[in-house]
Every structure is written in structure tokens, then in C-alpha cells.
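A quick write-up on the structure given underneath.
Readers should treat all values here as calculations from the given coordinates under stated rules, not as data from a laboratory. Since the structure is predicted, the reported quantities are computational estimates derived from the model, not experimental observations. Here Cβ is always computed from backbone atoms with ideal geometry, including for glycine, and neighbour counts include all displayed protein chains.
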Amino acid sequence: INPDLQKERDAATFDVEELSVLLHNGAHELEKKRKLEELVRNDPDYKSLPFDFLSREAQYEEGVRRSTIAVAKKDQLGSLIENHGDLITYNTHVGRGKAGPFNLHTGMFIPTLVKQGSPEQVAKWLPLSENYQIVGTYAQTEMGHGTFLRGLETTAHYDPHTQEFVLNSPTTTSIKWWPGALGKTSTHAVVLAQLYTLGKCHGIHAFVVQLRSLEDHKSLPGIMVGDIGPKFGYGANDNGFLKLSNHRIPRENMLMKYSKVAPDGSYSKPPKSTLTYGTMTFVRAMIVRGSAQAIAQGATIAIRYSAVRRQSEMRPGEPEPQVLSYPTQQYKLFPLLCAAYAFHFVQVKMIEAYSEVTELVNKGDFSRTQELHALSSGLKAYTSAISNTGLEVCRTSCGGHGYSCASGFPALYTNFTPSVTYEGENTVLLLQCARYLVKCTRDLRSGAKLPGSVAYLSCGCDPSSI
Amino acid sequence: GKDFTNVKTLDSLYKQRALGLIRFASGKVDASMDGGMDLVGALNESSVHLVRAAVAHSHYFVVRNFFEKLSKLTSTSQLLMEVLHQLSLFYALDGVAQHSGEFLEDGLLSGEDVKQIRQLTVEMLPKIRVNAVALVDAFEFGDDVLGSVLGRYDGNVYENLFKWAQDSPLNKTDVSVWFVMWGKM
């Protein structure tokens with residue numbers, strides 16, 4: 001251990017183990033995490049050069065290699081995998097924290113099946129998905145359409161004669177664009193499309209679409225898929241495009257937990273239109289978690305390095321001080337360290353809120369979905385923006401070495417930065433949150449009682465009361 | 001005479017800022033509608049104010065949650081609680097300093113108050129510094145996930161930077177393509 005770093009550790013006024021236990025939700029969870037990390041670290045199958053030394057193609061191949069090995073070894077992990085979080089921990093270490101080709105499969109495809117599918121649909125596709133007999137992604141965004149879902153152009157026309165949906169990308173701008181693992185990896189996708197039945201449009205609905213043959217992995221007739229090319233980061237992920245041309249899928253492939261199309265084409269609408277977007281709310285909640293992780297990682301790198309690095313002289317003739325000893329360096333990094341802790345606790349709260357509201361929705365109570373949507377939109381935008389700019393501050397606080405990929409910042413930054421714009425561009429999300437706040441102020445006038453996160457709006461206090 | 005190290009004071013400050021900005025933005029929407037505009041048009045016309053309101057609301061939620069979370073950590077040791085309390089305080093104070101304009105606009109703070117808060121944050125730096133490395137260690141990011149030579153747990157940065165450089169594909173051969181091209185110049 002570097003002596004300067006050891007000196008810092010020796011000087012701490014609290015028990016690090018106690019804090020680690022707190023941050024990892026208890027000693028048992030922390031122990032599991034450590035064991036899973038050790039397994040990956042000591043497994044020769046996961047040894048390779050850092051991704052930074054690989055070409056884009058090699059990064060993808062390495063990502064696939066690691067992910068498939070991880071799936072094959074999953075059963076050997078035994079009691080270390082007690083819940084979905086343990087699997088995420090394992091996969092994160094396998095993929096070295098980079099987005100891998102199965103992220104959308106486990107992070108969006110499966111959750112959407114579970115949340116939007118009827119019991120029969122879940123029974124059909126979930127086992128196949130969990131055993132990786134099919135690999136799925138979530139195809140929502142189009143080349144010309146992002147956060148505004150009602151503007152999506154992809155169509156699904158129901159044909160009562162064959163009891164099939166006919167899917168089309170009617171324009172170039174309607175080509176699905178960007179979904180992770182869509183290009184080369186996925187065999188299936190949840191495709192969001194405008195539902196037409198009996199000549200009427202019923203808005204955006206989710207459909208399970210097979211993209212590739214399970215025999216030879218070739219794309220099916222009516223399906224054109226491929227990789228969208230080099231990006232800012234995400235080299236190990238084949239973010240892709242999808243063009244649908246009169247592609248037919250069975251009626252049973254529309255996810256029908258809430259809204260339904262009967263064999264004759266008659267349509268039953270969902271109890272709440274926003275339920276179709278439930279997966280997005282989940283992903284936004286997960287982005288709050290990602291924001292906490294990213295800024296914590298950035299702060300870890302910058303603070304450790306600032307303890308090791310010595311620079312200039314405080315006074316002529318004196319030894320070079322640790323950069324961390326300069327108040328200006330502290331003033332750059334400590335707000336971000338504190339933000340990492342604030343975001344850690346708020347991501348826990350966000351996931352709790354999501355779970356609570358989901359439980360209510362499952363019981364048929366939709367009263368808090370709007371609040372959850374606004375909260376997840378606001379927090380996703382707020383935390384991801386701070387973490388994104390914070391990572392750049394961390395990078396520059398490492399001086400010239402921060403520019404090297406060896407610092408870890410180029411990978412960290414380029415892997416995190418898409419979350420500022422995906423699952424809702426931040427300004428759009430802040431406006432969605434604000435619209436809810438405006439609605440709340442109006443509800444107050446009519447005597448309504450506001451829920452938890454906005455209850456303070458009914459506070460009648462004025463500035464002089466501080 | 002305001003005690004800016006008091007959690008209730010800071011909570012109240014953030015609440016007032018969020019309330020002020022939300023009421024202001026909401027008032028702008030109302031005014032546009034009173035002027036004959038529909039809700040969609042009014043929201044768009046006030047969108048800049050609405051974004052600020054949403055940021056203040058989200059920021060307040062994060063600050064309030066931080067304070068609330070710490071108040072519920074009953075079994076945590078006193079030493080650790082003190083450190084976490086410092087972090088929450090610094091986070092809140094720094095947020096006020098960063099957004100001082102919004103706290104000044106509504107008369108929530110005076111210029112002198114803001115100066116006092118800035119000084120408080122500077123005075124807190126040494127207290128956080130003593131624990132800074134331990135605080136990041138507690139996140140327990142493995143070296144393989146961090147992927148950073150600079151942020152290695154063992155701090156052996158310079159030796160490993162040199163090793164990293166030696167892995168560069170350009171170093172596979174001593175004489176590069178440059179020499180061939182040079183000869184053709």
C-alpha cells in the first residue's frame with residue numbers, strides 16, 4: 001500500500017467496516033458481495049486486457065464472451081445468489097462495470113414481460129428468458145422520436161382474419177434506434193408501436209417481436225436489424241436499429257396484462273394509460289442508483305489519487321504536499337463526495353417508493369402513479385446531471401493523467417453520460433416533474449390533500465418563519 | 001444570528017426556495033391562462049421557470065431525505081454519525097452556496113448570510129479531509145470495476161501507469177509505420 005494512502009486510512013475517525021455494512025444494506029449482503037467479487041477476480045476466464053486497449057469489435061466480442069461465461073457459471077454460484085441484486089453485483093464485476101450485451105435483457109425485457117404480460121404470457125416467455133433460450137431487448141426509441149412516446153410512428157395493425165398484428169416502420173424516422181443489444185445479440189424485442197384495430201388507433205402498446213431465427217440467428221423476413229455504429233462509449237454493446245416491413249406476429253404477442261385485443265379485434269383499454277410506460281419509471285429509478293454509483297466511483301478515483309499525488313510547494317524548499325491537502329482541491333471534490341452519499345440514500349428511497357407504488361398498482365390502486373412518475377423524472381434528471389458534470393470535475397482534478405484512459409474516467413464518463421439523455425432527456429423530464437407540481441398547486445386550491453413527496457406544498461409558511 | 005449548522009434551518013431554507021420557485025412558475029402559468037392562453041401554451045411559455053422549480057423541488061427532496069435518513073440511523077456509532085452528519089451538512093450548505101441567487105431572490109438569505117455559509121463550507125473542509133479516503137473506501141468498488149490506475153486501492157499509481165503504457169499496441173514494435181512513411185517523403 002502506498003504510504004500516503006495508508007496514512008490517510010490510519011487517520012480516519014470512524015470504522016470503515018461499519019460504514020460499508022451500512023451502505024451495503026447489512027453485513028450479510030456485504031459478505032456476499034465480497035465473495036462474488038473474489039470469485040470473479042480469481043477466475044482465469046475473466047482475465048483480459050482492459051477494454052481501452054481493444055477495438056470496438058473486440059470490445060463487443062469480449063463483452064459477449066464474458067456475459068455468456070457468466071450465464072454458464074451462474075448455477076455454480078449457489079447460495080451467493082439470493083436475489084436479483086446479487087446477480088447484478090456478479091454481472092457488474094464480470095463486465096467490469098461496463099454495459100454488456102445482456103443488460104437490456106435482464107434490465108428491461110424481462111421486467112417488461114413480468115409487469116406488462118398476462119399470466120399466460122409470463123408463463124410462456126419468462127422461463128425462456130431466464131434460461132437465455134431467447135435474448136430480448138426493449139425497442140422504444142425511434143430515429144426521429146425520443147422521450148415523446150405518443151409521437152412514435154411504428155404501427156401495429158390488427159388483422160382479425162389471421163388474428164395477427166402487422167408491424168411496420170412506415171418512415172425512415174420510425175426506424176427503432178439505439179436499444180442496447182438490438183443490433184446483433186437479441187433474438188426478441190419488446191417493440192412499442194401504435195396499435196390500430198378495427199380502423200381505430202389506440203396509442204402506444206408493447207408487443208413481443210421475434211427478430212432472429214432460433215436455429216441460425218439470421219434475421220427473420222420483414223426484419224432488418226443491425227448495429228448503429230461507433231458511439232461516445234458503450235463499445236461492448238451493440239446498440240441497434242430495427243426496420244419492420246409487414247412483419248406479422250400472433251395476437252398473443254401483444255402484452256395484455258392491462259389493455260387487451262380480443263380475437264375479433266375489439267379493444268379493452270388499460271385502467272390507466274400511463275401503465276404502458278411503467279418500465280420507463282423503473283429504469284429511471286435505476287438511473288438514480290446509477291448516478292449515485294457513478295459519482296461515488298469518480299470521487300473514489302479522484303480522492304485516492306489526490307492523496308497519492310504530490311504537487312508544487314506550499315512554501316519554497318518544503319516537500320511537495322499531497323494535492324488533497326490543498327483547500328482548492330478539497331473544495332472541488334468534497335461537494336461531490338457528499339453528493340455521492342446524498343445520492344446513495346436517495347436512490348434507496350427511490351427504489352423503496354417504486355416498490356411501494358408497484359405494490360399498490362398490483363392491488364388496483366393507481367392513486368400514486370403520477371407522484372411516482374414525477375419523482376422518478378425529477379430525481380433521474382437532477383442526479384444524473386450532477387453526476388455527469390461531477391465526473392468531469394473529478395477527471396480534471398486528476399490533472400493531466402485524468403486524460404489518460406488509465407484514469408478510468410473516459411470509460412466511466414462515456415458509460416454514464418448516456419443516462420442524461422436516455423429514458424427521457426433531462427429538460428423534458430424536469431418539465432414533466434414541474435407539470436405535476438403545477439397540478440398539485442391547483443389541486444391544493446380545491447382542498448386536495450397532497451401525497452408524501454409534495455405534501456410540503458401545502459405548507460403555508462413564509463420566509464420570515466425560518 | 002441564524003444557525004446554518006442547524007438541520008431544521010437548512011431544511012426550512014430548501015423548502016422555502018422550492019416553494020417560492022414552484023409558486024412563481026405556477027403563477028406565471030396562471031397569468032398566461034388568465035390572458036387567454038390554453039394550459040399547453042401557458043406551460044410552454046413558463047417552461048424556463050418550470051425547469052428551475054423542478055430542480056429546486058428535486059434538490060430539496062435529496063437534502064431532506066439525507067437528513068431524514070440520518071435521523072433514523074439509531075444503531076449507528078456516534079463516531080460514524082458525526083462523520084455522516086458533517087457530510088449532510090456540507091452537502092446542504094454547498095448547495096445553498098451554489099444556488100445562492102435563488103435564496104437571495106426571495107429574501108430567504110441576505111448577502112451576509114451567503115458569505116457566512118461560504119465561510120462555513122471552507123471551515124468544514126479539514127474535518128472532511130481527515131476521513132475522505134476512508135469515506136470512499138467504504139463504497140468498496142473493486143479495482144476491476146473502477147478500471148482506474150489512478151484510483152487503485154493500493155495507491156501504487158506510478159508503477160502501474162508505466163505498466164499500462166507498456167501494454168500500448170504501438171509498443172509492440174520498436175520501429176513504427178512512421179519510419180516507412182518517412183522514407184517515402
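Rounded to the nearest 0.05, what FRET efficiency is calculated for B:Glu123 and A:Glu318 with R0 set to 25 Å and r the Cβ-Cβ distance?
Rounded to the nearest 0.05, the efficiency is 0.55.
If you wrap a convex hull around the C-alpha atoms of region B:125-185 and split its volume per residue, what is the figure in Å³?
134 Å³
Compute the distance in nm between two label points, each set 7 Å from the Cα along the Cα-to-Cβ direction, one at A:Gln163 and one at B:Lys2.
6.8 nm
Calculate the length of the line joining the C-alpha centroid of region B:106-160 to that of region A:62-82, in whole Å.
35 Å
Could you list A:Ser306, B:Ser77, A:Ser419 in order of exposure, starting from the residue whose Cβ has the fewest other Cβ atoms within 10 Å?
Neighbour counts put them in this order, fewest first: B:Ser77, A:Ser419, A:Ser306.
Once you place label points 7 Å from the Cα toward the Cβ at B:Val177 and A:Glu392, how far apart are they in nm?
The two pseudo-label positions are separated by 3.2 nm.
I want the local charge near A:Thr141. Using Cβ-Cβ distances under 13 Å, sum +1 for each Lys or Arg and -1 for each Asp or Glu among the other residues.
Overall, the nearby charge balance is -3.
Note the angle between two axes, namely the Cα long axis of helix A:278-308 and the longest principal axis of the Cα atoms of chain A, as a number of degrees from 0 to 90, rounded to the nearest 10.
Around 20 degrees separate the two axes.
Tell me the net charge near A:Glu371. Cut-off is 14 Å between Cβ atoms, A:Glu371 excluded, with +1 for each Lys or Arg and -1 for each Asp or Glu.
Values: positive: A:Lys272, A:Arg284, A:Lys349, A:Arg368, A:Arg435, A:Lys439, A:Lys449; negative: A:Glu352, A:Glu356, A:Asp365, A:Asp443.
It works out to a net charge of +3.
Taking 0.36 nm per intervening residue step and subtracting the Cα-Cα distance, what contour gain separates A:Ser48 from A:Ser219 on full extension?
Working: separation 171, 0.36 × 171 = 61.56 nm, distance 3.12 nm.
Answer, rounded to one decimal: 58.4 nm.
Mind computing the radius of gyration and Dmax over the alpha-carbon atoms of chain A? Å is fine for both.
In Å, with Rg to one decimal and Dmax whole: 24.4, 90.
Per residue of region A:230-245, what does 6.51 cos²θ - 1.76 cosθ + 1.60 with θ = phi - 60° give for ³J(HN,Hα)? Whole Hz please, x for Gly and Pro, Karplus curve as stated.
Going residue by residue, I get x, 10, 4, x, 6, x, 7, 10, 8, 3, x, 10, 8, 10, 9, 10 Hz, with x marking Gly and Pro.
Each residue of region A:104-111 in order: what ³J(HN,Hα) in whole Hz does its phi give by Karplus 6.51 cos²θ - 1.76 cosθ + 1.60, θ = phi - 60°, with x for Gly and Pro?
Per-residue couplings from phi come out as 6, 4, 7, x, 9, 4, 5, x Hz.
For the ranges A:434-442, A:36-44, A:285-293, what's the packing order if you count other beta-carbon atoms within 10 Å of each residue, average per peptide, and put the highest first?
Working: A:434-442: 21.1, A:36-44: 14.9, A:285-293: 24.0.
Ranking, from highest mean packing down: A:285-293, A:434-442, A:36-44.
Could you go through region A:15-31 in sequence order and give the Karplus-derived ³J(HN,Hα) for each residue, using 6.51 cos²θ - 1.76 cosθ + 1.60 with θ = phi - 60°, rounded to whole Hz, and x for Gly and Pro?
So the Karplus estimates, Gly and Pro as x, are 8, 4, 4, 4, 5, 4, 4, 4, 5, 9, 6, x, 5, 5, 5, 5, 4 Hz.
Which whole number gives the average count of other chain Cβ atoms within 10 Å of the Cβ atoms across peptide A:96-103?
For this peptide, the per-residue mean of nearby foreign Cβ atoms is 2.
Just to be sure I understand the model, the point goes 7 Å from the Cα along the line to the Cβ. What's the resulting A:Arg445 to B:Ser168 distance in nm?
6.5 nm
For region B:1-28 and region A:326-350, compute the distance between their C-alpha centroids and round to whole Å.
If you average the Cα positions of each part, the centres end up 21 Å apart.
Of all DSSP beta bridges in region A:90-191, what percent run antiparallel (nearest 5)? Write down the numbers at each step before the final one.
On the way: 7 of 11 bridges.
So the antiparallel bridges amount to about 65 percent of the total.
Treating cross-link reach as a plain straight distance, find the lysines whose alpha-carbon is under 25 Å from the alpha-carbon of B:Lys8, omitting any fewer than eight places away in the same chain.
Candidates past the 8-residue exclusion: A:Lys349, A:Lys449, B:Lys69, B:Lys72, B:Lys115, B:Lys127.
Based solely on its DSSP helices, what 222 nm [θ] is calculated for chain A when runs of n ≥ 4 H residues each add -39,500 (n - 2.57) and the sum is averaged over all residues, nearest 500 deg cm²/dmol?
Numbers: 12 runs with 203 residues, N = 466.
Per the formula, -14500 deg cm²/dmol.
How many lysine pairs in region A:227-293, separated by 8 or more positions in sequence or lying on different chains, have Cα atoms less than 19 Å apart?
Numbers: A:Lys257/A:Lys269; A:Lys257/A:Lys272; A:Lys260/A:Lys269; A:Lys260/A:Lys272.
Value for region A:227-293: 4.
Pairs of alpha-carbon atoms within less than 8 angstrom and 6+ residues apart define the contacts here; what relative contact order does region B:57-176 have, in percent?
17 percent
Can you give the FRET efficiency for A:Gln6 and B:Ser75, using 1/(1 + (r/R0)^6), R0 = 25 Å, r = Cβ-Cβ distance, to the nearest 0.05?
With a Förster radius of 25 Å, E is 0.25.
Of A:Glu164, A:Glu423, how do they rank once you tally other Cβ atoms within 10 Å and put the fewest first? Before the final figure, lay out each step's value.
Details: A:Glu164 18, A:Glu423 25.
The fewest-first ordering by Cβ neighbours comes to A:Glu164, A:Glu423.
Whole Å is fine, so just give me how far the alpha carbon centre of region A:353-413 lies from that of region A:113-144.
If you average the Cα positions of each part, the centres end up 25 Å apart.
Given a Förster distance of 22 Å, report the FRET efficiency between A:Val71 and A:Glu252 from their Cβ-Cβ distance, rounded to the nearest 0.05.
Rounded to the nearest 0.05, the efficiency is 0.20.
Sequence neighbours fewer than 8 away in the same chain don't count; with that in mind, list the lysines whose C-alpha is under 18 Å from A:Lys47.
Hits, sequence-local ones excluded: A:Lys35, A:Lys73, A:Lys74, A:Lys98, B:Lys163.
Please arrange B:Met124, A:Met224 by counting, for each residue, the other beta carbons lying within 10 Å of its beta carbon, fewest first.
A:Met224, B:Met124
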